[in-house]
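Notes follow the structure.
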Amino acid sequence: MHSEVEVAQNRKPDIGVPAAIRSELESRLSAGSLELPLLPGVAMEITSAAAKEDADARTIADMLKRDAALSAHVLRIVNSPVYSPRAQIVSLQQAVARVGAVKIREIALVIACRTGVFKAKGYEQEIDQVFTHSIGTALFAQEIARNTRNNVEDAFLCGLLHDVGRPVLLQALVTLLREAKVVATREAVLELVSELHEAAGSALARAWALPETVIVALGKHHTSCPEQESTPVRIVSLADRFAHLTERGAVLTSDAVLGHPALAALEIYPDVLEKIVKRAGVVKETIGVMS
Amino acid sequence: MRGTFDLIVIGGGPAGQKAAVQGAKLGRKVLLIERSRSVGGACVRFGTIPSKTLRETALALGKFRRLTSHVMDVKMPAHVQIAGLMTRKEEVIASHESYMSAQLARNGIEFAQGVARFLSANELEIADIAGTKRRVGAPFFVIATGSSPRTPDDVPVDHEHILDSDSILSVSYLPESLTVLGSGVIACEYASIFAALGTSVTIIDRSPRPLAFLDPEISDHFTRQLQLFGGRYLGERKLVDVAWDGLSMVDTRLDDGQLVRSEKLFCALGRIAQVQGLNVDLAGIRLTPRGLIAVDEHGRTDAAHIYAAGDVIGPPALASTSMDQGRRAVCHAFGAEVGAAREATPTGIYTIPELASVGLTEAEVKERHGSALIGRAHFKEVARGQISAAEDGLLKLVAHPDTGVIMGAHAAGETAADLVHIGQMAILGGMTYHTFIDAIFNFPTYAEAYRIAALDLFGKRAQRIAAE
């Protein structure tokens, strides 16, 4: 949720997080032994089922029925203006059949992530902000992909999950500090999280068996050289910037993003940039529906 | 910064690239302006190279199935990732771009990335991505800015569910069903590639048959193969309404009351010249009512020192003809000798099966000369076709009814686009069908089809003479 502009990536926290805890966190991350949260049972089952070639609407609808809260959220979202259905969706099977298994997986992921997957006492507000920011990034990523003739669905998913490493780290760090009986400053905790969140996000995406494009986008979206990265990385990098600017409440203008390295990497000229900027209002409205 | 050149070429696709190289070969100082960071144009990024890479996968899969069907069962998983079927695309593009960039460098051509607009008939402004501007001038210009997909007002292209030829290959997964609007080259190429990969394809168009400019026997061949893949062609239909249902399917309503539902829709209803923002009016250039740049036989626009070539001037809009137009325009500008424009321009269509044509069709020869001599060779009669399990092919020769001079060659099937070049040489050389009867061809080759078709033609002619 803090952009690369706000947090210098190589800066070590001055106070707060002891070097031993920082080192432990880094070594767990590099060794792949960081405790990663599991998706709640139903969301996990849906994610695996949606990936199978013979996934059918009835099976997925039956899975959804076992989680009343998730079912209610799915019905609310598929009936929202975002999907603008011609007829009201009244049953879960109808929802899955019409939205498709892949889209249901995305919805289940968003809902699951927002409703208790990540627990870091004292940082609930930060976790909530991460997901509001992620929805904004996903929607901007979609618009960028549309205007540069890249894959819209991939861009959305990468944007949606790009910062998932932050709550993963917050949870791990808060646990480590508690176990060591150390009280770190809020600023120092968030700074360390910001520094390591790309690697943690990428590790989580791998553990959740998400597509390789997502794993890479999560791991590199703060790159200073988008030119050398894949298209989804470039898109998320730019969408992240758009989302931050929108959150600050300012009216989004082309000038605010001019000079961003992803513009050149994606070959976005001022005329195309203007088209994306014009969608900011719709994006804001949609964030309200999905948050 | 202001720069002066002998020739400025706007657009780095096939036409612009050849124009620039020709200018440099004539010893001129050339600037090539291109929106993308490297030359190649839509052909490299959205057109020929990506689609043909996917096509090769579909062809290889089909061939593997035909050759091993008795021992192996190859099934395509549902929703397979498109990217996984075109893993070589980036390599092919990189290799092509590197080759072309080296060619520009070798010829001393200056390259500028940016968008150009005319400030006057002799001066251009180039703006790069960051908006930095630069003025350049030259006594001659070639506009080769290409084309972009035409989107009718009633087709809401969103590049996610309803796609055009710039976005069709950006889909993640192979769709289970695809509706294709249009029956031209681009529509049919993609339709057949997706159908061969297992997508249920429906082509919809006003024309009674697809690829209507081809000899009907060749386009019928395409339709039959599409049906074998499980696809269908709905001709003589008008579009009433296209809409994404907001959730998962695209609904296409037709004037006969039919509703076609598909996971994705591909709109391929023609292309429009890319002249937006170029300020051609400031240079005194007129557009045709269809929005194309009007040119004379030398490629000159209304401003005599400004030429145009490639898709921006309209049909045939093939990479091969565009290259020739670019080269000829520059030769004319600098007074260099250039041969007469060739009438026998071949057309290669990379559908599955491959289709190709050169010269006149049977109907055109009959219209001009009252009748025509026709000879056919089916690939099942050609040893190479039998060996390669590619027996479903056809070569059709069309000759003058009295002299037997070859006037057209039309082919469908493996290597068709290569095969018609033999017919092209026969047309250019004014040869008769006897040449093919007397010539010795390598065995086994598809070229043998020429001899078989010529013998067929000879036999029919002998029967007709005997009957008379």
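The values are calculated or read from the model by the stated rules, or taken from the named source; none is laboratory data. The shown structure was predicted, so the numbers you read here are calculated from the model rather than taken from an experiment. All Cβ positions, even for glycine, are placed from backbone atoms using ideal geometry, and neighbour counts span all protein chains on display.
Points worth noting:
- B:Ala130 vs. criteria of a type in the set (Gly, Ala, Ser), modelled with pLDDT under 90 and either on the phi > 0 side of the Ramachandran plot or not assigned by TED's automatic domain parsing to the domain that holds B:Gly230 (or both): yes
- Within region B:21-50, if we keep just the residues that are small (Gly, Ala, Ser) and at pLDDT below 85, the residue that is surrounded by the fewest Cβ atoms within 10 Å (Cβ to Cβ) turns out to be B:Ser38.
- Residues of region A:17-45 that turn out to be part of a helix (DSSP H, G or I) and either modelled with pLDDT under 75 or polar (S, T, N, Q) (or both), as a count: 8
- Meets criteria (within 13 Å of another protein chain (Cβ to nearest Cβ), hydroxyl-bearing (Ser, Thr, Tyr) and buried (at least 20 other Cβ atoms within 10 Å of the Cβ)) for A:Thr246: no
- Residues satisfying the stated conditions in region B:139-158, i.e. farther than 19 Å from B:Arg45 by Cα and among the polar types (S, T, N, Q): B:Thr151
- Meets criteria (within 12 Å of chain B (Cβ to nearest Cβ) and on the phi < 0 side of the Ramachandran plot) for A:Leu252: no
- Selection status of B:Val250, hydrophobic (A, V, I, L, M, F, W, C) and either away from chain A (no Cβ under 14 Å) or closer than 30 Å to B:Phe118 by Cα (or both): no
- Scanning region B:183-212 for residues that are surrounded by fewer than 24 Cβ atoms within 10 Å (Cβ to Cβ), over 15 Å from B:Leu54 (Cβ atoms), touching a residue at least 40 places away in the same chain (Cβ under 8 Å) and not aliphatic (A, V, I, L, M) yields a total of 3.
- Search result, residues across region A:204-224 that are over 18 Å from A:Ile144 (Cα atoms), in contact (Cβ under 8 Å) with a residue 24 or more places away in the chain and not in a loop (DSSP other than H, G, I, E, B): A:Leu204, A:Ala205, A:Ala207
- Enumeration of residues in region B:1-37 that are in a loop (DSSP other than H, G, I, E, B) and of a type outside the set (D, E, K, R): B:Met1, B:Phe5, B:Gly11, B:Gly12, B:Gly13, B:Leu26, B:Gly27, B:Ser36
- Check on A:Glu227, within 13 Å of chain B (Cβ to nearest Cβ), part of a helix (DSSP H, G or I), more than 15 Å from the chain's Cα centre (by Cα) and charged (D, E, K, R): yes
- Failed item, numbered, when B:Tyr190 is tested on (1) at negative phi; (2) away from chain A (no Cβ under 11 Å); (3) assigned to a loop (DSSP other than H, G, I, E, B): (3)
- Strands (runs of 3 or more DSSP E) contained entirely in region B:260-308, each with at least 1 residues that are farther than 30 Å from B:Ile168 by Cα: B:306-308
- Among the conditions (1) part of a helix (DSSP H, G or I); (2) hydrophobic (A, V, I, L, M, F, W, C); (3) touching a Gly at 6+ places or on another chain (Cβ under 7 Å), B:Met323 misses just one, which is (3).
- The set of residues in region B:333-362 that are among the aliphatic types (A, V, I, L, M), loosely packed, with under 15 Cβ neighbours inside 10 Å and either closer than 17 Å to B:Ser322 by Cα or within 22 Å of the chain's Cα centre (by Cα) (or both) comprises B:Ala340, B:Ala341.
- Failed condition for B:Lys460, given (1) in contact with an Asp or Glu (Cβ under 9 Å, 6 or more places away or on another chain); (2) at pLDDT below 95: (1)
- Residues of region A:272-290 that are in a helix (DSSP H, G or I) and either away from chain B (no Cβ under 14 Å) or modelled with pLDDT under 90 (or both): A:Val277, A:Ala280, A:Gly281, A:Val282, A:Val283, A:Lys284, A:Glu285, A:Thr286, A:Ile287, A:Gly288, A:Val289, A:Met290.
- B:Glu263 satisfies every condition listed in (1) closer than 30 Å to B:Ser170 by Cβ; (2) away from every other protein chain (no Cβ under 14 Å) except (2).
- Verdict on B:Ala273 being surrounded by 17 or more Cβ atoms within 10 Å (Cβ to Cβ), over 26 Å from B:Val185 (Cβ atoms) and away from chain A (no Cβ under 14 Å): no
- Among the residues examined, B:Ala303 qualifies as touching a helix residue (DSSP H, G or I) at 6+ places or on another chain (Cβ under 6 Å) and under 20 Å from B:Leu119 (Cβ atoms).
- Single residue of B:Phe141, B:Phe111 found to be assigned to a strand (DSSP E or B), away from chain A (no Cβ under 11 Å) and in contact with a helix residue (DSSP H, G or I) (Cβ under 7 Å, 6 or more places away or on another chain): B:Phe111
- So A:Val257, is it in contact (Cβ under 8 Å) with a residue 24 or more places away in the chain and more than 18 Å from the chain's Cα centre (by Cα): no
Conditions tested, residue by residue: (1) surrounded by 21 or more Cβ atoms within 10 Å (Cβ to Cβ); (2) out of contact with any Cys (no Cβ under 6 Å at 6 or more places or on another chain); (3) within 15 Å of B:Leu124 (Cβ to Cβ).
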{"site": "B:Asp255", "(1), (2), (3)": "no, yes, no"}
{"site": "B:Arg261", "(1), (2), (3)": "no, yes, no"}
{"site": "B:Asp281", "(1), (2), (3)": "no, yes, yes"}
{"site": "B:Leu287", "(1), (2), (3)": "no, yes, no"}
{"site": "B:Arg300", "(1), (2), (3)": "no, yes, no"}
{"site": "B:Tyr307", "(1), (2), (3)": "yes, yes, yes"}
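- Some residue of region B:84-94 being on the phi > 0 side of the Ramachandran plot and either outside the structural domain of B:Asp6 (by TED's automatic domain parsing) or free of Cβ contacts under 8 Å to residues at least 24 places away in the same chain (or both): no
- On the stretch given as region B:363-373, residues that are surrounded by fewer than 20 Cβ atoms within 10 Å (Cβ to Cβ) and under 28 Å from the mean Cα position of the chain (by Cα) total 5.
- In region B:144-167, residue surrounded by the fewest Cβ atoms within 10 Å (Cβ to Cβ) [restricted to those that are touching a helix residue (DSSP H, G or I) at 6+ places or on another chain (Cβ under 6 Å) and either more than 21 Å from B:Ala212 (Cβ to Cβ) or within 14 Å of chain A (Cβ to nearest Cβ) (or both)]: B:Glu160
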